[in-house]
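The values are calculated or read from the model by the stated rules, or taken from the named source; none is laboratory data. Source: prediction; values computed, not measured. So basically every Cβ, Gly included, is an ideal-geometry build from the backbone, and we count neighbours across all protein chains shown. Heads up: the accessible areas ignore ligands, DNA and RNA and are worked out on the full protein's heavy atoms, side chains in. Shrake-Rupley method; radii C 1.70, N 1.55, O 1.52, S 1.80 Å.
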Amino acid sequence: MNLSSLSFFRSLRKDNHQFAVIGLGRFGRSVCSTLHNFGYQVLATDIDEKRVSEALTEGIVGHALQLDSTEPAALREAGIFEFDTVIVAIGNYVQESIITTLNVKEAGVPHVVAKASSEVHRKLLRRVGADHVVFPEYEAGCALARTLTKPAILDRFDLDPDNSIVELIVPDEFHGKTITELQLRNRYGLNLLAVSQDGKFQINPDATKRLERGSAMVVIGCNKDINRLPI
């Protein structure tokens, strides 16, 4: 999530319960399965009849059709253009991905999310009208690299390229010290948002709260400052 994505997500209808997913590769199947499990109505399509059959057999979608999404007439007949939100999950076939995205945007679909496989692909998708572009492999790779190099960081939410909110294991150096004694803002330029206790987080903990080894803490601040923590 970043500021450029904010307007897109704010424009999504909260009462929308129907989604169309084009492409039943690993990413498309994951989107379908999650939406279906959340109780939303999902129409999935793929040019491969075997993938369509598998999706229906496994019950990850309510409806699935075999069609060529580069053909506007096929999309129109399937009712894809009537959906408020369409996810183009054809990441590895650049030409088909771009043509499909162009087809649904030209037909007036208000919210189109598309999967990109490269930076050039992302730019082309935005050029033909994609409202939001995702890089599942890139994002997963970044997350893995961060986990391997900073295992104490349990979770991370990037606010923008320079600032983040991170959940991390309380460093050994912080054990037994109160929040006041740590002086996180003065020493590291960070603000403490929460501290875990008995499996739950205490939001805006009292300044007299003592941190314990093995528990978790959540901080917000500049990435350069976060990297200065003794983890």
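Ignoring ligands, DNA and RNA, what accessible area per residue does the chain give at 1.4 Å, in Å²?
58 Å²
Using the structure shown, select from LYS14/LYS150; LYS150/LYS177; LYS14/LYS200; LYS14/LYS115 the pairs with a Cα to Cα distance greater than 26 angstrom.
Violating the 26 Å limit, Cα to Cα: LYS14/LYS150; LYS14/LYS200.
Give a residue-ordered list of calculated ³J(HN,Hα) values for the range 124-131 (Karplus: 6.51 cos²θ - 1.76 cosθ + 1.60, θ = phi - 60°; whole Hz; x for Gly, Pro).
Along the range 124-131, the couplings run 5, 5, 5, 5, 8, x, 4, 7 Hz.
On full extension of the chain, what length is gained from ASP84 through GLU106, given 0.36 nm per residue of separation minus the C-alpha to C-alpha distance?
6.6 nm
Explain nothing, just compute: Karplus ³J(HN,Hα) = 6.51 cos²θ - 1.76 cosθ + 1.60, θ = phi - 60°, for every residue of the range 222-231 in order, whole Hz, x for Gly and Pro.
3J(HN,Hα) across the range 222-231, in whole Hz: 5, 4, 5, 6, 4, 5, 7, 5, x, 10.
Note down, for the chain, the three equivalent ellipsoid semi-axes (square root of 5 times each alpha carbon gyration tensor eigenvalue), biggest first, whole angstrom.
43, 18, 16
Which cross-chain or sequence-distant (5 or more) residues have an amide H under 5 Å from the amide H of ALA64, H modelled 1.01 Å from N in plane?
ALA44
Which whole-Hz couplings ³J(HN,Hα) result when phi for each residue of the range 90-107 is put into the Karplus expression 6.51 cos²θ - 1.76 cosθ + 1.60, θ = phi - 60°, listed in order with x for Gly and Pro?
Running phi through 6.51 cos²θ - 1.76 cosθ + 1.60 with θ = phi - 60° gives 8, x, 9, 10, 4, 4, 4, 4, 5, 5, 5, 4, 4, 4, 6, 6, 5, 7 Hz.
From the helices alone, meaning DSSP H stretches of at least four residues, give me the mean residue ellipticity at 222 nm for the chain, per-run term -39500 (n - 2.57), in deg cm²/dmol to the nearest 500.
-10500 deg cm²/dmol
For the range 158-181 and the range 26-87, what is the separation of their Cα centres, given in Å?
Their Cα centres are 42 Å away from one another.
Along the Cα-to-C-beta direction of GLU212, a point sits 7 Å from the Cα; which residues of the range 171-199 have their amide N less than 12 Å from that point?
176, 196-199
What percentage of the solvent-accessible surface of the range 57-128, computed with a 1.4 Å probe over protein heavy atoms, is contributed by carbon and sulfur atoms?
49 percent
Within the range 198-231, find all residues whose amide N lies under 19 Å from a label point positioned 7 Å from the Cα of GLN183 along Cα-to-beta-carbon.
The answer is 207-211, 225-226, 228-230, whose backbone nitrogens lie closer than 19 Å to the label point.
Give the accessible area for ARG228 in Å² (nearest 10); use a 1.4 Å probe, count only protein heavy atoms, and leave out ligands, DNA and RNA.
Here the residue's solvent-accessible area equals roughly 120 Å².
Which residue, LYS123, LYS50, LYS14, has the most motion in a Gaussian network model of the chain that connects Cα atoms within less than 10 Å?
Highest fluctuation among the options: LYS14.
Ignoring ligands, DNA and RNA, what percent of the accessible area of the range 165-204 is carbon or sulfur (1.4 Å)?
Solvent-exposed carbon and sulfur of the range 165-204 make up 46 percent of the total.
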